[in-house]
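The block underneath contains the structure these notes are about, expressed in structure tokens.
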Amino acid sequence: MNKLLNNSLWLLIAILGASAVGGIALNRGENINALWFITAALCVYTIGYRFYAAWIAATVLRVDNTRATPAERLDNGRDFVPTNKWIVFGHHFAAIAGPGPLVGPTLAAQFGYLPGTLWILFGAVLGGCVQDMVMLFLSTRRNAKSLGQIARDELGPLGGTAALIGTFAIMIILIAVLGLVVVNAMKHSPWATFTVSATIPIAMIVGLYMRYFRPGQVLEASALGVILLLLAVAGGRFIDEHETLRGLFNHEGLTLAWWVMAYGLAAAILPVWLLLAPRDYLSTYMKLGTITLLAVAIIMLQPNVKMPAITPFIDGTGPIFGGKLFPFVFITIACGAISGFHALISSGTTPKLLSNERDIRMIGYGGMLLESFVAVMAMVAATVLDPGVFFAINSSAGVVGANAVDAVAKISAWGYPVSVEQMQNLARQMGEATLFARTGGAPSLAVGMASIFGSAFGEGMLALWYHFAIMFEAIFILTTLDAGTRVGRFMLQDMLGNIWPAMGRTSWMPSVILTSALVVSGWGYFLYIGVIDPNGGVNILWPLFGIANQMLAAIALCVATGILIKSGKFKFAWVTGLPLLWLITVTSTAAWQKIASTDIRIGFFAAADDLADKLATGVLPAEKAAIAPQLIFNLQLDAGLTMSFVCLLWLIVFDMLRVCMRYLAGKTVLPLSESPHSSSRLVEEWVRD
Amino acid sequence: MLKKVKAFWKAVRRLSGDDAYEQYLKHYARHHQAAGESPDWHPPLSKAEFFKRWQDEKWSGVKRCC
């Protein structure tokens, strides 16, 4: 009887899920309620978790709950600590979920709500969650080693080096594009600039408090920080309305970009406890709090999605970024569907806390499901806006024209009516001077979130909600920026240390300053070009980031597939092999188009040649002609980078295939580096208290 | 109800690292209390010292993602 009840419950979830997915896929009417998105997501996730993830854990990976984890065996009370699974889940989720799943879906909404949503749901369930879970398992079985180390041990030096270079490259591009998102959100917005700048001294106060005033009192210090942050959001209005103070925080994009670079350098050199760690606390609370609030607001308010299911821009003519639906929707939405970066957290970081292998499904697979859900909410927040408004905010001046009248005429002509008054009204409500051409995704997400929060919790505070949302995005973008710069610095010091040992000493100041400056100039260059690019820069940088991130995912899946085959699980190799095949197809196609396409909005070389022609014939206005040589060089550099990413990817794919062929042919391969079985002696009660 | 609130508060403290020192002392009591038995025996770290090391260790390596 019980079994029957159980089966009918799952049947019900399956039917509900299928009708919700079918509903959002087949709807061609005016509006569709956002609740359908939430329902579809929850049903797809539940089924994926209950059946697919459980099957992978039990049959493919064969997790063994009697086996002692590295956290138990190497317990040192500090970084290796067996921890309650919910706590590990919290740490893992806080580490994997950054600004990526918010920005990607917002940009991909130019294709309509459907393609992005389907990719977020099915990409996560079949790809991203599997990658995270399998990497978590493999690292747990290998003393919590990192992806690079596992690649080196299992495939050989080539795999290890590829993972290292991939990680470094993705870090540089990621920081540049995130820096650009923040700069675009602060450009000529004294309120936003003030709020974002205020997060720096606030983080320092929190850092000093928990280091010296009350050592270790993390929650007290954080509560103080959160209160100060909220005051800074409210205080921004005062700055905005004050004649002279306003000028102090009203800046061009380029000025702000230099400040962001200076900040990145300072954050990489200053001790972690002063800036990085306290900022991370604040951003984690803000992140978890705001995401919960957004979920509650969407469920309470049940807003209507106004964006059509599919827009004509699937043909590649989209204003936000050029390129057809395939492959670019799969590149634009990396985080939220499948993200290679997670492999770095799943290996090395999270396994040090895992107390039992049986929790791998919940933490690896479940953590990614939650991130995917965040991406669905970002999609909802972007698509509840009037499509005309959405395109007006996200289309750069280079595409629709710098003049508001031209811009609305052009956007309305696409079939998404919007008027200058409507945009002005909206800007006034949000406490901004203008919302035209605020590319990067953050402002449109903030408008979407503000209108959802505003309708759910009170219309009167739209401007406050808007700047709260900007602060919320900026604070963890800056956290990724300084944490990333620091990681980049360590990697660089490690590499240089092979040549000149003194450079490898992480506390030697000359080395610290030099390597930090090198990393900052790496991403600073792309940020600089992004800011001066009249097309907004995001259209170039985001696809580059997507390609890099998917490449890292492909590297992780290569390692996983290789290990599955080497462990004699050839018949299950498709579990990671199919997502890998898909990523290779998507990344290679996208890279090929970015290099070879003759469409100047897609192909790097085509754009560079077009610009060079225009420069030579003198049709460019003076201010564009001045920056044209830099833009041309940058386009060629981007093409070179894309090419090296795709070469790296194929290199590791062939390396993996080589290892697998040798294994299947019965020749010798590197032995599995799995640590031997030792029985867990953890007493259930105290770990799981 | 009160029990649930307490459990929630406990989870918040654990997640934020607010109780990291208490956890460390528990770990210490379990593993290192035998004073004098081993040559590298050391008394437990002070709260401030523990917190310094804990924070520095927490921030080496990739800790945040996109």
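General remarks:
- A Cβ-based charge dipole, computed about the Cα centre of region A:1-83 with Lys and Arg at +1 and Asp and Glu at -1, lands at about 200 debye.
- In region A:379-507, Cα pairs under 8 Å separated by at least six residues give a relative contact order of 20 percent.
- Carbon and sulfur %, accessible surface of the protein assembly as shown computed with the full protein complex present, 1.4 Å: 66 percent
- Label separation (A:Leu16 vs A:Met643): 5.4 nm, computed from points 7 Å beyond Cα along the C-beta direction.
- Take the Cα of A:Arg50, go 7 Å toward its beta carbon, and the backbone nitrogen atoms of region A:7-35 under 14 Å from that spot belong to A:7-18.
- Sites listed here are trypsin sites (Lys or Arg not before Pro) in region A:561-609 whose DSSP assignment is loop and whose Cβ has at most 16 other Cβ atoms within 10 Å: A:Lys569.
- A DSSP coil position with no more than 15 other Cβ atoms inside 10 Å describes the following trypsin sites (Lys or Arg not before Pro) in region A:40-106: A:Arg62.
- Å² per residue, accessible surface of chain B at 1.4 Å: 65 Å²
- Farthest toward positive dipole pole in the protein assembly as shown [+1 Lys/Arg, -1 Asp/Glu at C-beta], among A:Gly156, A:Ala409, A:Leu121: A:Gly156
- A simple spin-label model places the labels of A:Asn425 and A:Asp315 3.2 nm from each other, with each point 7 Å out along Cα-to-Cβ.
- Using a probe of 1.4 Å, the accessible surface attributed to B:Lys52 totals some 70 Å² when neighbouring protein chains are kept in position.
- Student exercise, chain B dipole from Lys, Arg, Asp, Glu Cβ charges, in Debye to nearest 20: 600 debye
- A protection proxy built from the mean count of other Cβ atoms within 10 Å ranks the segments A:464-474, B:15-25, most packed first, as A:464-474, B:15-25.
- Across the options A:Leu583, A:Leu664, A:Leu620, the greatest Cα extent toward the positive end of the charge dipole of region A:572-689 (unit charges at beta carbon of Lys, Arg, Asp, Glu) belongs to A:Leu664.
- With the charge dipole of region A:248-355 set up from +1 on Lys and Arg Cβ and -1 on Asp and Glu Cβ about the Cα centre, the Cα lying farthest toward the positive end among the listed residues A:Leu256, A:Tyr281, A:Val296 is that of A:Val296.
- The simple spin-label model puts a point 7 Å past each Cα toward its Cβ; for A:Val619 and B:Ala29 those points are separated by 8.0 nm.
- Legend: residue pairs A:Lys571/B:Lys63; A:Lys145/B:Lys47; A:Lys3/B:Lys10, Cα-Cα distance threshold 31 Å; pairs beyond threshold, A:Lys571/B:Lys63; A:Lys3/B:Lys10.
- FRET efficiency for the A:Ala433 to B:Glu57 pair, using the beta carbon distance and R₀ = 56 Å, is estimated at 0.80.
- Probing with 1.4 Å while keeping every protein chain in the model, the per residue accessible area of chain A equals 36 Å².
- Look at the stretch B:48-61: the mean tally of other chain Cβ atoms within 10 Å of its residues' Cβ atoms is 6.
- Averaged over the residues of B:15-23, the number of partner chain Cβ atoms lying within 10 Å of the residue Cβ comes to 6.
- Relative contact order computed over region A:300-442 (Cα-Cα under 8 Å; 6+ residues apart), in percent: 25 percent
- Annotation: A:Val519 carries an accessible surface of approximately 0 Å², with a 1.4 Å probe and no ligand, DNA or RNA atoms counted.
- Highest mean first, the peptides A:414-427, A:92-105, A:445-458 sorted by other C-beta atoms within 10 Å per residue fall in the order A:92-105, A:445-458, A:414-427.
- Interface size B-A, as summed buried accessible area [1.4 Å probe, Å², nearest 100]: 3500 Å²
- Annotation: peptides A:375-381, A:527-533, A:665-671, A:185-191, ranked by per-residue average of other Cβ atoms within 10 Å with the highest first, follow the order A:375-381, A:185-191, A:527-533, A:665-671.
- When +1 charges are put on Lys and Arg Cβ atoms and -1 charges on Asp and Glu Cβ atoms, the dipole computed for the protein assembly as shown relative to its Cα centre reaches about 1980 debye.
- Taking the C-alpha atoms only, the angle from helix A:253-269 to the longest principal axis of chain A is near 30 degrees.
- Ellipticity at 222 nm from helices only: DSSP H runs of n ≥ 4 in chain A, each -39500 (n - 2.57), divided by the residue count, give -23000 deg cm²/dmol.
- Average partner coverage of A:75-81, which counts Cβ from other chains inside 10 Å: 6
The values are calculated or read from the model by the stated rules, or taken from the named source; none is laboratory data. Quick caveat, the model's predicted, so the values are computed rather than measured. Positions of Cβ are backbone-derived with ideal geometry, glycine not excepted, and every protein chain shown enters the neighbour counts. Side chains included, ligands, DNA and RNA excluded: accessible areas come from the protein's heavy atoms. Shrake-Rupley method; radii C 1.70, N 1.55, O 1.52, S 1.80 Å.
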